[in-house]
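S.K.: Structure provided below as structure tokens; questions to follow.
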Amino acid sequence: MDRLDAMRAFVTVVAEGSFTRTAERLALSPQLVSKHVSQLEQHLGVRLLNRTTRRLHLTEAGAAYRQRAEQVLAEVDDMEQALGELQGQARGRLRISAPLSFAIRHLAPLINDFQRAHPAVDIDLQLNDRKVDIVEEGFDIALRIGRLKSSSLIAKRIAPVRLVLCAAPDYLKAHGTPEQPRDLTGHRFLRYRYMEESQEPLLKWLSRDGGGEREGGELTSNNGDVLVEAAIGGAGIALQPTFLTGEAIRQGRLAIVLPEHEPEPLGLYAVYAHRQLLASKVRHFVDFLEGYFGDPPYWDRF
């Protein structure tokens, strides 16, 4: 048994959900694909797949083996690609996960410029504010915003992400401009659902139990664009990143509140799996990200 061939057959069967489709993809007979998987199970001494007439189901052992097998095969493919490519030319399909609002506003020019520099790379960009499992869900790289906790993944800081309290000038004229954090009590707050009060001390003054009377009309959303547009419309005070608010601040449609109490910046990170041999497409993309947005980032120039 060629262990790599058997491993590739097993991983492809799981991905395709069928021995027949796997055979077509690998240019093998269905019988040989089945033989590869059976020999792999015999070699490992465990059942990897439960087979029925209609479906294939991963066993617990199969699920664990699949994840490690995919990593091994990716490293082998990367190694062969690196050896076969001239000067490490980037090529292939690059799957990227990125936050929705940031990507819509700032990623299209970067992707266009990257593909002009590396025309052999296809981009599959998936937008989601959910923290994806890049290994389990098959992403090459994820862009994340926050203060990252330690993990087995590699995280490279790309740019600072500045947070500011802001509101429309008309709102501040009508409701008063806070001079100290305690003055925030009673104001309408446009709350981002995923912001943690433990991370931003200012939020305690904007929370429901911050003390004092509160006006009605608080808005909570899992999308920063909605909150920024609501703030521009005079709905209240928002704590949002300048990559969303910078243009409105430059145009005078939003004003920064309590600038001397601005929270510590978050970071924009490129996160990818820890591999000894990094795929050239990932390496080139991470290198391309570095410094692309400027220092300070262009959205902070107001």
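S.K.: Hey, can you tell me all the residues within region 238-292 that are out of contact with any Asp or Glu (no Cβ under 9 Å at 6 or more places or on another chain) and at positive phi?
M.R.: Matches in region 238-292: Gly252, Gly291.
S.K.: Six or more apart or on different chains, Cβ under 9 Å: which pairs go from a residue in region 71-85 that's among the small types (Gly, Ala, Ser) to one that's modelled with pLDDT of 70 or more and part of a helix (DSSP H, G or I)? Could you list them?
M.R.: Once the first residue is among the small types (Gly, Ala, Ser) and sits in region 71-85, its partners that are modelled with pLDDT of 70 or more and part of a helix (DSSP H, G or I) give Ala82/Ser280.
S.K.: Follow-up. Tell me which residues, restricted to region 287-302, are hydrophobic (A, V, I, L, M, F, W, C) and either open to solvent by less than 20 Å² (accessible area, probe 1.4 Å) or within 18 Å of Ile145 (Cβ to Cβ) (or both). Outline the logic, then answer.
M.R.: Residues of region 287-302 that are hydrophobic (A, V, I, L, M, F, W, C), as a first pass: 288-289, 293, 299, 302.
Scanning region 287-302 gives Leu289, Phe293, Trp299.
S.K.: Considering only residues of region 6-24 that are farther than 15 Å from Glu70 by Cβ and not in a loop (DSSP other than H, G, I, E, B), which is most open to solvent (accessible area, probe 1.4 Å)? Even if it seems obvious, please write down each step before you answer.
M.R.: Initially, region 6-24 is screened for residues farther than 15 Å from Glu70 by Cβ, giving 17-21, 23-24.
Applying the additional criterion that residues be not in a loop (DSSP other than H, G, I, E, B) yields 19-21, 23-24.
Working: Phe19: 39, Thr20: 76, Arg21: 117, Ala23: 5, Glu24: 140 Å².
Once the filter is applied, the top-ranked residue is Glu24.
S.K.: Of (1) in contact with a Leu (Cβ under 8 Å, 6 or more places away or on another chain); (2) open to solvent by 60 Å² or more (accessible area, probe 1.4 Å), Tyr194 satisfies all except one. Which?
M.R.: Of (1) in contact with a Leu (Cβ under 8 Å, 6 or more places away or on another chain); (2) open to solvent by 60 Å² or more (accessible area, probe 1.4 Å), only one is false for Tyr194: (1).
S.K.: Failed condition for Gly217, given (1) modelled with pLDDT of 95 or more; (2) open to solvent by 50 Å² or more (accessible area, probe 1.4 Å); (3) small (Gly, Ala, Ser), with all others met?
M.R.: Going through (1) modelled with pLDDT of 95 or more; (2) open to solvent by 50 Å² or more (accessible area, probe 1.4 Å); (3) small (Gly, Ala, Ser) one by one, Gly217 breaks only (1).
S.K.: Name every residue in region 239-286 that is part of a helix (DSSP H, G or I), over 17 Å from the mean Cα position of the chain (by Cα) and surrounded by fewer than 19 Cβ atoms within 10 Å (Cβ to Cβ), in order of residue number.
M.R.: Selection gives Glu247, Ile249, Arg250, Pro259, Glu260, His261.
The values are calculated or read from the model by the stated rules, or taken from the named source; none is laboratory data. Just so you know, these numbers come straight off a predicted model, no measurement behind them. Methodologically, a virtual Cβ is constructed for each residue, glycine included, from the backbone with ideal geometry; neighbour enumeration extends over all protein chains shown. Areas reflect the complete protein model, heavy atoms only, side chains present, ligands, DNA and RNA absent. Shrake-Rupley method; radii C 1.70, N 1.55, O 1.52, S 1.80 Å.
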